[in-house]
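Trainee: Have a look at this one.
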Amino acid sequence: MQKLAVVLIAVALLAYAPAAMAQGTASGDILAQANVMTPIQVAAEQDLLFGNVIPGSNKSIAVDNPSAGRWLVQGTAGAEVDLDFTTLPVALTSGANSMPIVYGATDAGHHTSNDPFSAVLFDPAVSALANIGSPAATLYVWVGGTVQPVLAQAAGLYTGTITLTATYTGN
């Protein structure tokens, strides 16, 4: 009888073993996802125009001046971008002649609409973080500055290239 009880207990344990093992194992599925962002585009919309400059008299253009330089950045709505003026001249040139140009802490700005009066101001010598507008997927960037002609500044058209680079940060 004792042998029979041991056999019955062993059979019972074997019968319940798969159920017990199944309860000790579980699985779950997840998706692997990647959001491919819209390629970022930077379009120059307006040159920084100082107009006529008088020798010996500095001339400044602010971000909200209609003569400020302007770019349109387009990409994925809501994405964060790093705005960096990768070329920011320290002088404008006319042939062999040069004229200093300087930038202050508030001589650049950005906003999601074409409204420089609402721009977030920043120093163009330092990169800035901004978010592309949502849902419009646009960001406007402006730059101003001050030219400093000397009293004996030679007449001529002085130019220099300003380059804005916008890079997704991944945020």
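The values are calculated or read from the model by the stated rules, or taken from the named source; none is laboratory data. As the structure is a computational prediction, the values presented were derived from the model and not from experiment. Note that we place each Cβ from the backbone using ideal geometry, even for glycine, and neighbour counts take in every protein chain shown.
Trainee: Looking at segment 111-155, which of its residues are under 17 Å from residue 48 (Cβ atoms) and in contact (Cβ under 8 Å) with a residue 60 or more places away in the chain?
Mentor: If the condition is that a residue be under 17 Å from residue 48 (Cβ atoms) and in contact (Cβ under 8 Å) with a residue 60 or more places away in the chain, then 140, 141, 142, 143, 144, 145, 146, 147, 148, 149 are the ones that fit.
Trainee: Moving on. If I ask for residues that are modelled with pLDDT under 95 and of a type in the set (S, T, N, Q), which ones from segment 119-143 would you list?
Mentor: Scanning segment 119-143 gives a single hit, 134.
Trainee: Please verify whether residue 48 is farther than 20 Å from residue 120 by Cα and part of a loop (DSSP other than H, G, I, E, B), treating the condition exactly as stated.
Mentor: So residue 48 fails the test.
Trainee: Quick one: in segment 144-171, which of the residues that are closer than 18 Å to residue 41 by Cα and modelled with pLDDT of 95 or more is surrounded by the fewest Cβ atoms within 10 Å (Cβ to Cβ)?
Mentor: 169
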